[in-house]
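Below is one structure, written out as structure tokens; comments come after it.
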Amino acid sequence: MMRFLLLVILSMAAVVSAQDDVTTPPGQVPLDDVWCTVCHFEQGDKFALSVHYQRGMLLCTDCHGGDPFEPETEKAKAAETGFIGKPARADIVAVCSQCHTGPAEFFALGPHTDATDPDNPTCVTCHQNHLVVDATLTLMDTTCAVCHGDDKAIGQRVQRIQRSLRDAEQSLHSVRARFDSLQQFDAALGRSAGVLMGAAAVLRQVDARTHALDEELIDTAIADFEVEVEAVDKLLNASEQSRRRRHWAVAGVWLFVVANVTLMWVKRRQM
Amino acid sequence: MRRLWLWFDERLHLEPIRQLLLQNIRKPVPAHVNWLFTLGAALILLLSVQMVTGILLMVYYKATGREAFASIEAIMYEVPLGWLIRSAHNWGSHLIVIVALLHMFRVFFYGGFKKPRELTWIVGVALLAVILGFGFTGYLLPWDQVAYWGTVVATEAPASLPVLGPITREFMIGGTEVADATLGRFYVVHVFLLPFLLLGLMGLHLVLVRYQGISSLRRTDEPEPTPQELHAGGGEPFFPGHFLKDSATMYVALGVLVTLALLYPAHIGEPADPLLTPMGIKPEWYFLPAYQLLKYVPEVVGVNMPPLLLLVLMLVPLAIDISPERHPGRRRRVIAGWMVTSALIFLLGILGQLSETSSTIFGTKYHFDVQGMPHVVQEAVAETNGGEAE
């Protein structure tokens, strides 16, 4: 019924509404208003689809400096705008670490840290520069193999890391789903949202540690994560128990209502 | 019990009053009176529950900007059964509006507002205004982000009225910004002024309903049926016959209210922060049509619409549906007009609800803009093998 209603409204609205730029997410600046994309349109097209634009609310200036709303090139790239242009290879990690501090910290502990070695990857080698997409575990399937395609030991190590992380992600996903479904029935659970956020924060640390590619480091973080998940689990079990009790209370209430209504009905019939 | 009555009667001579009451509550109701005629009783029950839960909440609630949110948190998490009391109060506020509207629809369809019952209808519309007033003032009291900013938006609208607008707003909120003074004013109106108004109007409404009896379906230019005629036509005395029906509906209303409160407890958001405007602030669902209308028409028109609508509702028996017919089958035009107006208001409400949200419908993701118009964000992806092969 709701779907039908929505469809009717949509059809009506479609008649009166012209579709505007569909790639601009709500609240984000349209790229048509960003002067950089007039010349750097290829980069602009890629950036429009990236998570940095779609969800991160970033613009060119966040990595390259400059004034994206200044139409005059010289003024847009003036020194006082903090313009740095294309970051040097050695500076890429520093640019990304302005926001991604955790991954950068652990990347520095890993085997790829020497940026002067042209064989070593930087952030953009795996995550791309303008078309930055969500960093998922499948990213490792393709990116590691580019350089280590023949190395079986590295392949197995990557698989082990992926497996551990996948299990952890799944476990967070399932407690989060349980939390969300129970939260609407349990006002007190909202107060405990911090415990769930704690587990998610620990998993983000696990994700960050992946950049060091050190299995021991990852396992330690996963053990911490499991403790957090257990705490969430305990809360959710208690909430489920309270919900069961409330269901019984509802049954009691309706028994009371039905008994009284029946009594009145009998009285009415007797009149 | 009898002796107690005699004790009072000897001193206060209550017997004539008792006889008057009995005469009025035993008046028969017409034969067409069905379960829809018990909605008023459900309203009495729900309003009474609001009074009781409201008084209990007042014990712990603190109406200052510094303490309000914390006191609501204490009610939800620390006071024994506080969460249930607040949830019942919260759900009650929604159910009252729903039942009041259904009750009004019922009275309109059966022509119950027509001569000589115009005053009952007018008092009923005033009661609806009071109920909406409760909703408006009660919304701010939790002092969370949604409550605070919802009130900021709602109180900004009257400011657009020429000449009196800014003064009206200042008087409403007690200054130029929604702050402590606003909370104090809204609280006093919510727990003192409106309850008195409600009790007075409700008393008058009930006295009128009983005194004049429930309307028949006869034309207004025909004489009202006598009790004997009502009996002969299959009508039963209001008490105890119809009263038992009323009581059954009251029990069901209570059951629905407690069920909702137990299974879907009220929530509280983040504490109010006057410096941080959250996204997608919206009023309660019953104010959504007015909220959405403000986006389509000049503010001065939009702001005047809700009070104008209440005024038009009051004028229904005096200037809008003045034909002598009561039977809905013989008032098709006016009923069609009522239904179209209601559908438009409902549509405005739906658009208000959808505005500034995203929804996936049949696999396609839409973003509904401020006006409630949909824009495709993400096209549906063909999931069948055939689709993938293409």
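Here, each number is a calculation from the coordinates, and none is a lab measurement. Since we're looking at a predicted model, the values are computed, not measured. Using ideal geometry, Cβ is built from the backbone for each residue, glycine included, and neighbour counts are taken over all protein chains shown.
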Among A:Tyr53, B:Tyr187, B:Tyr296, what is the fewest-to-most ranking by other Cβ atoms within 10 Å? B:Tyr296, B:Tyr187, A:Tyr53
Taking the 0 to 90 degree range and rounding to the nearest ten, how far is the long axis of helix A:193-210 tilted relative to the main principal axis of chain A, both from C-alpha atoms? 30 degrees
Projecting each Cα onto the charge dipole of segment B:271-366 (Lys/Arg +1, Asp/Glu -1 at the beta carbon, about the Cα centre), which of B:Ile350, B:Ala272, B:Pro328 comes out farthest on the positive side? B:Pro328
Using the Karplus equation 6.51 cos²θ - 1.76 cosθ + 1.60 (θ = phi - 60°), what ³J(HN,Hα) coupling, rounded to whole Hz, does each residue of segment B:91-102 give in order, writing x for Gly and Pro? 5, x, 4, 6, 4, 4, 5, 4, 5, 4, 5, 4
Euclidean distance of C-alpha centroids, segment B:307-324 and segment B:123-170, integer Å: 24 Å
How high is the FRET efficiency from B:Arg2 to B:Leu102, r the C-beta distance, R0 56 Å, rounded to 0.05? 0.85
From the backbone phi of segment A:59-75, what are the Karplus-calculated ³J(HN,Hα) couplings (6.51 cos²θ - 1.76 cosθ + 1.60, θ = phi - 60°) in whole Hz, Gly and Pro given as x? 10, 3, 4, 5, 10, 9, x, x, 10, x, 9, 9, x, 7, 4, 4, 5
What order, most packed first, do the peptides B:54-62, A:151-159 have when packing is the mean number of other Cβ atoms within 10 Å of each residue? B:54-62, A:151-159
How high is the relative contact order of chain B, given as a whole-number percent (alpha carbon pairs under 8 Å, six or more residues apart)? 24 percent
With +1 at each Lys and Arg Cβ and -1 at each Asp and Glu Cβ, the charge dipole magnitude of segment B:2-310 around its Cα centre, to the nearest 20 debye, comes out at 920 debye
Arrange B:Phe37, A:Phe69 by Cβ neighbour counts within 10 Å, fewest through most, would you? A:Phe69, B:Phe37
Taking A:Asp32, A:Asp219 and counting other beta carbon atoms within 10 angstrom, the fewest-first order is A:Asp32, A:Asp219
Among B:Phe8, B:Phe196, B:Trp143, whose Cα projects farthest towards the positive end of the dipole of segment B:2-310, with charges put on the beta-carbon of Lys, Arg (+1) and Asp, Glu (-1)? B:Phe8
Distance in nm between label sites at A:Ile84 and A:Lys234, each 7 Å beyond Cα in the beta-carbon direction? 4.5 nm
Longer than 27 Å from Cα to Cα, which of B:Lys27/B:Lys114; A:Lys46/B:Lys365; A:Lys267/B:Lys115 are they? Say none if no pair is. A:Lys267/B:Lys115
Note down the magnitude of the dipole of the protein assembly as shown about its Cα centre, charges +1 on Lys and Arg C-beta and -1 on Asp and Glu C-beta and zero elsewhere, to the nearest 20 debye. 5200 debye
How big is the dipole moment of chain A about its Cα centre under a simple scheme where the beta carbon of each Lys and Arg is +1, that of each Asp and Glu is -1, and everything else is neutral? Debye, nearest 20, please. 2520 debye
Residues A:His247 and B:Ala232, FRET efficiency given R0 of 35 Å [Cβ-Cβ distance, rounded to 0.05]: 0.10
Dipole of the protein assembly as shown (Lys/Arg Cβ +1, Asp/Glu Cβ -1, origin at the Cα centre): which of B:Phe113, B:Ile167, A:Cys63 lies farthest to the positive side? B:Phe113
Determine ³J(HN,Hα), in whole Hz, for all residues of segment B:47-57 in sequence, where each value follows from phi through the Karplus function 6.51 cos²θ - 1.76 cosθ + 1.60 and θ = phi - 60°; x replaces Gly and Pro. 5, 5, 4, 4, 4, 5, 5, x, 5, 5, 5
Taking every residue in A:259-266, how many Cβ atoms of other protein chains lie within 10 Å of its Cβ, on average? 4
Just from its helices, what would the mean residue ellipticity at 222 nm be for the protein assembly as shown, if runs of 4 or more DSSP H residues each count -39500 (n - 2.57) and the sum is divided by every residue, rounded to the nearest 500 deg cm²/dmol? -20000 deg cm²/dmol
Length-normalised contact order of chain A, Cα under 8 Å, at least 6 apart, in percent, tallies to 15 percent
For B:Val29, the residues 5 or more places away or on another chain with a placed amide H closer than 5 Å to its own amide H are B:Glu236, B:Phe238
Shielding by partners - mean other protein chain Cβ count within 10 Å, residues of A:24-35: 1
